[in-house]
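In what follows, a single structure is set out as structure tokens and then discussed.
The values are calculated or read from the model by the stated rules, or taken from the named source; none is laboratory data. It should be emphasised that the depicted structure is a prediction, and the values quoted were computed from it without experimental measurement. Cβ sites come from the backbone with ideal geometry, for glycine too, and all protein chains shown count toward neighbours. Surface areas here come from the heavy atoms of the whole protein model, side chains and all, with no ligands, DNA or RNA. Shrake-Rupley method; radii C 1.70, N 1.55, O 1.52, S 1.80 Å.
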Amino acid sequence: MPLDTSTYNLALLRVDGRRWNELRRLHGQIRTQAAADGSSYLEMGNTKVMCIVTGPSEDKRKTGGGSTSSASVASAPNAADVSVGVVVAGFSSVDRKKRSRSDKRIQELQATISKALAGSLHTHLFPRSTISISLNVLSQDGSLLAALINAAALALVDAGIPMTDYLVACTAGSTSSYAANDDAADPLLDLNTQEETELPGLTVATVGATDKIAVLVCESRVQVGRLEGMMAVAADGCKQVREILDEVVRQQGARMIKEGTVAKSENVGGMDLD
Amino acid sequence: MTSLKRSFETDPLSSNISSKVYVRSTKRGKVQKIVREVYLRQDIPCSSQICSICRSTAPSNAAGVVSPFVLSDKPAGTKAFPQGHYLVPDTNALLNAMDLFEQTSAFYDVIILQTVLEELRNRSLPLYNRLIGLTKSEDKRFYVFFNEFRLETYVAREQDESINDRNDRAVRRAVQWYNEHLAQTKSKQRPTVVMLTDDRSNLEKAKAEKVPASTLRNYVSGLEEADRLLDMIAESQERGVSRDKKAVDFLYPEYYSMSKMMTGIKNGMLHQGIFNVSPYNYLEGSIKVPAFPKALLVLGRDNINRAVDGDVVVVEVLPKDRWKEPSTKIIEEEAVTKNENADGDEGEDLVTEKEKRALQEEVKKTHSTSTEGHPQPTAKVVGIIKRNWRQYVGHVDQSSVSQPAKQGRKQETVFLIPMDKKVPKIRIRTRQVGELLGKRILVTIDSWDRESRYPIGHFVRSLGELESKAAETEALLLEYDVQYRPFPKTVLDCLPREGHDWKVPPSTADPGWKDREDLRGLLICSIDPVGCQDIDDALHARALPNGNFEVGVHIADVSHFVKPSNAMDTEASIRGTTVYLVDKRIDMLPMLLGTDLCSLKPYVERYAFSVIWEVNEAADIVNVRFTKSVIKSREAFSYEQAQLRIDDASQQDDLTKGMRTLLMLSKKLKQKRMDAGALSLSSPEVKVQMESETSDPIDVKTKELLDTNSLVEEFMLLANISVAGKIYEAFPQTAILRRHGAPPKTNFDELSNQLKVKRGLELRVDSSRALADSLDECVDPHDPFFNTLIRVMATRCMMSAEYFCAGTQAYPEFRHYGLASEIYTHFTSPIRRYADLVAHRQLAAAIDYEPMHPAVRSRGRLEAVCKNINVRHRNAQLAGRASIAYYVGQALKGRVAEEEGFVMKIFSNGFVVLVPRFGIESLIRLRDLAEPEPESTFDAENYTLKTSGSREVTVELFQKVVVRISDAKDEATGKRGAKMELVRTV
């Protein structure tokens, strides 16, 4: 069995050979499902998720007894609902485990994503309609919430829904556990499963490359003194994620122009698509 | 439709990413396949100070600090590597010879590969931790090179390659890379990087690949002090080479496989427990298993099957016809196996003729004594779950050494006789027999194979001459696992910078004064034994206008100086307690704190944690409060001085009056406690008087108990009980408490039967109250000591008290049986006990003085702390007693004394006598009575031993005897101790 996270201080290397401020390999694809309004596929290390966006489509007003399959946020009466459904595949973790959609953790994930996206999307442009986002988790290796948010952001770009900026997310941790109370602990960027289980960590989502924080989730105990360093590292990671996602979108755009799917019009003329 | 599939080749990063796949099984036996990413990189430095290439890419942590390069630019050279060398040990080298790597004379500049570290962690966690300790030591220059993360040294497992072969290849690859890498530096003197391995095929492959490699043995032979170091290489590995061709007869039955044992335990056919060896008979062990109320016996070498005292073993119950009574005979290994040859093993039976005879006699006895003692279930060891081998102190058996070896340098196999009689002899091979004879030495056990009658070990180091004070003290500390090394620098760094000049800040606006009550005006004094330097507690009492009394117990505020989770706190939590030996004290906290800054010395201001009660005339508590405070002790009394002052009617000052009040109240408190059923137990305590200059022991005195002893004790108990209630109320899950379980009734079976048979007395054990009362009735009008003797024996039937975390037990289980208190903790000695320090922190949080530190709040952590301090506490007691025993022996040196003693235990071939005057007990065997050994008849039912023939005496249990005590060196253990001879019975 490999070493655990306590060996970080021996050579400043993490369990998978990264330094404290390095992301895992981040790979994104856009328009993976041609028939959908918007779709994406995202890998952060071995965490793999898929996202399909349907809509904005006409609202089917629910007649009481709302379903539990997805969380939706109606921000204002004249704005679109953002409804998020997360499905975790039984084969996605080490132990095969079927998670029902009514699982509390999954519901929480859905609600968090839904609220965060509703804030960055221009939902007021689509009154009485629903933007439905379905996320599928194919493989889990830590930073699940961050990966889901990033995948959703890509798919929403693909669907062409107006937004202020990409919502990008990333996790951060700290090299020593809460109880060890080591003041000199380094912050860590982008946790994998092992680090997530052994060390304190948090998830941060920012709006684009700004420092505006849209999501902050911390489920482990950590000294307040360490929090600032972890947040700074996470925000910095978000900027890196934003650049990578942006590159994915630009490449897709360039490909579409090349294929003639869209004309290189005046509207996008300001952007350098090569 | 776009395909999600993409080829990894197009990814520019693909060459840098690999994955690690392994399979592990969970506790429940489920198999999991784990896939991990591995990022390969080129900026992992070689960490050699001669290398300039790696400097530029050296990593830094989040604070921007670059880790310094570890490996020296001028490493030591040997004959084989005159240019200097760095060592790269493989896993087996570390497994077999960790002691070597910890030497200070050699083994510097060592590169530990990640591959090796991982493998070592799988094989042995303790060794892994020792290695991590080494890498942290600055002067040893150990560097961990993460070869699995460096692109050039990463090795992928090939088709059909075993994991061990892959790891060996990874080690060779890393060594090769290191040599190539260092070749690029311009340095003239370029050290060789040498692989250390004992694997023959690995060596051959290394040769073929031109990787410098050496066996451990060859390498060590090239060093200075080779002889000493060679002994430290574990025995087992070489035997593998020399023995594998011989067909060997197995002496011991094979162990069951792990899965067979697990299934057996699960379905109740096998039982797991800790193996204990009887202190009187090395061939008899017992094991307590949850399934049965009484311990199972394990008799004879065959059934003990290589288990050593303390191992966690699995046993199988033997058929009923093989059940037996516990032995009534003393069997000492030394006497039975005296003349065995350490070298030869082959051709001998497992059980020697003599051992067989000893066993036969016992069987005969069991059959002839018809009854009463029913045969007890016996069991045999079928497997070992966990070895609890530690390092053992002992001395080389003179008789196992051949004459020429005493001068020569020939390698010789000798027996080591451990000090602990419960541990079998250990075979070690050494080239320095001549030097080791007559020394106390430290060894470890490496293995115990089926074909070897005794375990095989290797020499670690020599402590010094037998019977020299230094060696014996160190031996004692090692045997009881007392941490006696000086405090490391990191710990000393946590002390206040002002050192001895630290003072309570004069201004009450200082942050140190925050929430502290100013109690400097109170007339506080401390009462301790003579010469006590670490004064934990001080007291005061004064009359209140309403007729009640205010009583205060003030405890040194150690938690002000020792902050949770810093290096000093960690060290203290490991040490657990201060250990008091006759001539030495091994502190839990550094001297500066223990004897000065925390110690409540007289005439100076000190921080304290105070418990203040208002009590009425009848010593009932009206109210209690807790506060941090500043006090100024008026006087530090010894128990005698305090007693004199109280008794001296001419002293009418307020301080003395306060002390009289305390004494009056303490007597009432004690009476209340006794009424509630508190036990007054006893253990023979003596004090060794030393000559002041040479500190040679000159006399032994039994401890006197004055009223003032009990004064202090009562108030400490009261404080502990009050604090326990408070912290339990505030933290019902995590409060640290102390409990003393009620002893199971069966513990007293033997004693009450003995009393009934011999004296017609009845021992009632239904409750502590009943026990206390019936103990009071156990008196012999002719002999005042008889009562004490019974108390001593009753004490040994008790459970030991233990620390625990409140959440782990139900409230009724909190009870302290001996003190008859519902709840109890330790609060009053934070300088010398870690539990008290934790209680201080919890109390401080409970009164909102400071927020609760996470370390004091985490239950898992507290449980670990409790477990450790329980062990440490016990060891400290044992070490203290052993130290007294040693000094009593020294004090008796060259003297012969006739003293009264009492028979405590009786066997068919000897009996144990307790001499209260010296607090010692010793065994008198029949063969000590007269030469030749007298015939004897043993009446087990009446506890009587009659001898006839060469000497005629009748010895009964509880009988008073007169013994002649002289000092003698026990050849078996090398200890000097009292030897008793029976003069006459009374």
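Table for the structure above
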| item | result |
| --- | --- |
| Test for residue B:934: is it under 24 Å from residue B:756 (Cα atoms) and of a type outside the set (Ser, Thr, Tyr) | no |
| Any helices (runs of 4 or more DSSP H) falling wholly within the stretch B:219-297 and containing at least 2 residues that are at pLDDT 75 or above and either on the phi > 0 side of the Ramachandran plot or open to solvent by less than 40 Å² (accessible area, probe 1.4 Å) (or both) | B:226-230, B:258-266 |
| Candidate set from the stretch B:649-707 (those that are of a type in the set (A, V, I, L, M) and open to solvent by 60 Å² or more (accessible area, probe 1.4 Å)); member that is modelled with the highest pLDDT | B:649 |
| Qualifying residues in the stretch B:57-92 (those that are among the β-branched types (Val, Ile, Thr) and either at positive phi or open to solvent by less than 70 Å² (accessible area, probe 1.4 Å) (or both)) - the one farthest from the other protein chains (Cβ to nearest Cβ) | B:78 |
| Test: residue A:161 is within 15 Å of residue A:109 (Cα to Cα) and β-branched (Val, Ile, Thr) | no |
| Some residue of the stretch B:588-602 being in contact with a Lys or Arg (Cβ under 8 Å, 6 or more places away or on another chain) and among the charged types (D, E, K, R) | no |
| Filter result (open to solvent by 20 Å² or more (accessible area, probe 1.4 Å), within 14 Å of chain A (Cβ to nearest Cβ) and within 17 Å of residue B:577 (Cα to Cα)) within the stretch B:853-890 | B:863, B:864, B:865 |
| Any chance residue B:617 is open to solvent by 40 Å² or more (accessible area, probe 1.4 Å), in contact with a Gly (Cβ under 8 Å, 6 or more places away or on another chain) and more than 22 Å from residue B:854 (Cα to Cα) | yes |
| Conditions (1) open to solvent by 20 Å² or more (accessible area, probe 1.4 Å); (2) touching a residue at least 60 places away in the same chain (Cβ under 8 Å); (3) more than 29 Å from residue B:79 (Cα to Cα): number failed by residue B:192 | (3) |
| Residue B:161 vs. criteria open to solvent by 10 Å² or more (accessible area, probe 1.4 Å), within 14 Å of chain A (Cβ to nearest Cβ), under 21 Å from residue B:206 (Cα atoms) and not polar (S, T, N, Q) | no |
| Restricting the stretch B:128-152 to residues that are touching a residue at least 24 places away in the same chain (Cβ under 8 Å) and part of a helix (DSSP H, G or I), the residue that is farthest from the other protein chains (Cβ to nearest Cβ) | B:130 |
| Residue in the stretch B:33-56 that is facing chain A (nearest Cβ under 10 Å) and exposed (fewer than 12 other Cβ atoms within 10 Å of the Cβ) present | yes |
| Cross-chain or 6+ apart pairs with Cβ under 8 Å, the stretch B:614-639 first and at positive phi, then aliphatic (A, V, I, L, M) | B:619/B:665; B:619/B:669 |
| Where a residue in the stretch B:531-550 is under 19 Å from residue B:715 (Cα atoms) and its partner, wherever it lies, is open to solvent by 30 Å² or more (accessible area, probe 1.4 Å) and among the basic types (Lys, Arg), with Cβ under 6 Å and at least six apart | B:550/B:542 |
| Residue in the stretch A:207-230 that is in contact (Cβ under 8 Å) with a residue 60 or more places away in the chain and either within 14 Å of another protein chain (Cβ to nearest Cβ) or basic (Lys, Arg) (or both) present | no |
| Residue list for the stretch B:580-636, filter: among the aromatic types (Phe, Trp, Tyr) and either under 17 Å from residue B:716 (Cα atoms) or touching a Leu at 6+ places or on another chain (Cβ under 9 Å) (or both) | B:607, B:609, B:613, B:626 |
| Where residue B:457 falls short, out of the listed (1) surrounded by fewer than 18 Cβ atoms within 10 Å (Cβ to Cβ); (2) assigned to a strand (DSSP E or B) | (1) |
| Complete set of residues in the stretch A:27-63 that are assigned to a strand (DSSP E or B), surrounded by fewer than 19 Cβ atoms within 10 Å (Cβ to Cβ) and more than 10 Å from every other protein chain (Cβ to nearest Cβ) | A:54, A:57, A:58 |
| Members of the stretch A:161-211 found to be open to solvent by less than 40 Å² (accessible area, probe 1.4 Å), more than 28 Å from residue A:29 (Cβ to Cβ) and outside any loop (DSSP other than H, G, I, E, B), listed by number | A:174, A:187 |
| One residue from A:236, A:158 being within 14 Å of chain B (Cβ to nearest Cβ), open to solvent by 10 Å² or more (accessible area, probe 1.4 Å), outside any loop (DSSP other than H, G, I, E, B) and closer than 30 Å to residue A:56 by Cα | A:158 |
| Of all residues making up the stretch B:782-811, the number that are part of a loop (DSSP other than H, G, I, E, B) and open to solvent by less than 50 Å² (accessible area, probe 1.4 Å) | 3 |
| Checking residue B:756 against (1) in a helix (DSSP H, G or I); (2) modelled with pLDDT under 85; (3) open to solvent by 60 Å² or more (accessible area, probe 1.4 Å), the condition it does not meet | (2) |
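For (1) part of a helix (DSSP H, G or I); (2) not hydrophobic (A, V, I, L, M, F, W, C), each residue gets a yes or a no:
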position: B:563; (1), (2): no, yes
position: B:568; (1), (2): yes, no
position: B:582; (1), (2): no, no
position: B:618; (1), (2): no, no
position: B:625; (1), (2): no, yes
position: B:637; (1), (2): no, no
